[in-house]
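Structure first, then comments.
The values are calculated or read from the model by the stated rules, or taken from the named source; none is laboratory data. Since we're looking at a predicted model, the values are computed, not measured. A quick note on method: Cβ atoms are made from the backbone with ideal geometry, for glycine too, and the neighbour counts reach across all protein chains shown. These area figures cover heavy atoms from the full protein model, side chains too; ligands, DNA and RNA do not enter into them. Shrake-Rupley method; radii C 1.70, N 1.55, O 1.52, S 1.80 Å.
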Amino acid sequence: MAFVMLHKQQLIVEVQEELSTINVKFGSSDIVLWTDSSVVLGWIQSVVQLKSFVANRITQILENTEAKMWRHVPTSSNPADLITRGTNADTLALPNHIWWYGPSWIANTEASWPAEIHPKEDLPEVRPIKLALLTTHGDANWIIDRCSNWRKLMHVTGYVLRFVYNCKIPKLKKDDRRFGSLSVAELDASQLFWLLRSQIEDFNSEMSSLIRGNDVDRRSCLKSLNPFLDVDKVIRVGGKLAYAPIPENQKCPIVLSSKNPIVKMLFQYGHIRLLHIGPQGLLAHIHRTYWPIRGRSLARQTVHKCTICFRSKPLMLQPVMAPLPSVRVTRCRAFEKAGVDLCGPINIRSGLRKVTPLKHYIAVFVCMVTRAIHLELVRDLSSDAFISVLFLFIARRG
């Protein structure tokens, strides 16, 4: 049907050219084109993208015609159907009014013409559109690239946030703008900005789940920490120290990832601020406010990569061992001189079925000379139980 309509618009061009030779001209509003294909009419009037084969022909049709020129004719009033659907010469005799004169309403006013139909929404040959989101990655870490330590990063960020704040103040309220040195509140806002940014980069899915009021995924590294969001939308560790007389940051420290450059910078700052403290002391200091994932490894890396610590690393001297006591170096019978210690507890079952396990201990007698070991089972940690075991040891070893 698109081919037929394409030939129609070519015929219109030829007719217009012939009529223009005798100075007969008419505009687009004087031309009415009829088609009985509601699908092709929908293609012409639609704004959706069609497949290439159909779209090329619709484009050719609309080069010389307009969509408003095309009207729909019912199949019962279409003279072309008598030929396209097959007929004989007898049916085309003069009494056949449609073939010789067209439909009866064609000679009447436009009000008696068939009503216009709206194109179908589910048209065939529509090209499926796959949405593609084009994103551009801006250099959001330009401040980090220009700052070598945590202290400088906080001050630069503080002045940037102050500039943004002052730009939002209208000219009539210039007295509300901030000047001078950075305040503690501004430094805290800078620190909160970078901590929140690091969590968005490292725990985006967990933060989304917590914002919706759901639990984090069971495969998340934060699952065992019982995380929650505070008033600043920062992820904190949920612990059992809610009633402890300690600051709030120690009760529920902020969760961080050891792979983030912000956290690495924070460890370096803490290491230098505490006069190049060791890994354990550095991690203990960080744990007072933050809870870095795999923080022990990061603390060791920070100390190991410190140039000052490497240059001034002292040699660990091994202490000189004291002489062994005489009971360790004098030959004698086994267990003539012995020491004792208890280990445990262990659960002991005595019976076959449905036996309640009992808590017992093991007395370890060690020979001071031969290092031989004698083991005895102890029912509890009372004096009577130990004396009973001691008698068993003496009866066995003499």
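Computed values, structure above
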read-out	value
Separation between Cα centres of the range 178-245 and the range 324-381, rounded to whole Å	52 Å
Leu377 accessible area, assembled protein chains, probe 1.4 Å, Å²	90 Å²
Probe 1.4 Å - accessible area at Thr289, Å² to nearest ten	40 Å²
At most 13 other Cβ within 10 Å, DSSP loop - chymotrypsin sites (Phe, Trp or Tyr not before Pro), the range 205-283	Tyr243
Unit charges at the beta carbon, dipole of the chain: most positive-side option, Ala284, Leu11, Val48	Ala284
Calculated diffusion of the chain, Stokes-Einstein form, Kirkwood radius summed over Cα pairs, 20 °C and 1.002 mPa s, µm²/s	65 µm²/s
Accessible area in the full protein assembly, largest first, 1.4 Å probe, for Leu11, Leu390	Leu11, Leu390
Accessible area in the full protein assembly, largest first, 1.4 Å probe, for Met154, Met321	Met321, Met154
Debye intensity ratio in log₁₀ form over the Cα atoms of the range 283-398, taken at each q of 0.21 Å⁻¹	-1.16
The chain: antiparallel DSSP beta bridges as a percent of all, rounded to 5	75 percent
Estimated [θ] at 222 nm from DSSP helical runs (n ≥ 4, -39500 (n - 2.57)) normalised by residues in the chain, nearest 500	-11500 deg cm²/dmol
Shape call, the range 174-306: gyration tensor on alpha carbons, a/c limit 1.5	oblate
No Cys partner within the rule (Cβ under 4.7 Å), the chain	Cys147, Cys167, Cys221, Cys252, Cys332, Cys343, Cys367
Electrostatic dipole magnitude of the range 283-398 [Cβ: Lys, Arg +1; Asp, Glu -1; Cα centre; debye, to 20]	600 debye
Within the chain: Cβ-based charge dipole about Cα centre, in debye rounded to nearest 20 (Lys, Arg +1; Asp, Glu -1)	4420 debye
Farthest positive-ward along the chain dipole, Cα basis, beta-carbon charges - from Ser382, Leu161, Cys343	Ser382
Net length gained if the chain between Arg177 and Ala244 were fully extended (0.36 nm per residue, minus Cα distance)	20.1 nm
Charge-dipole axis of the chain as Lys and Arg at +1 and Asp and Glu at -1 on Cβ define it, positive-most pick from Ala107, Gln250, Met316	Met316
Of Lys233/Lys264; Lys173/Lys251; Lys171/Lys264; Lys259/Lys313, those spanning more than 30 Å from alpha-carbon to alpha-carbon	Lys173/Lys251; Lys171/Lys264
Stretchable slack from Trp100 to Lys233, in nm (0.36 nm times residue separation minus alpha-carbon distance)	39.8 nm
Gain upon complete extension [Glu125, Thr330; 0.36 nm per residue less C-alpha separation]	63.5 nm
Pair Glu18, Ile144: separation of 7 Å Cα→Cβ label points (nm)	7.7 nm
Under DSSP loop assignment and at most 13 Cβ neighbours within 10 Å, longest GluC sites (Glu not before Pro)-free interval of the chain	122-398
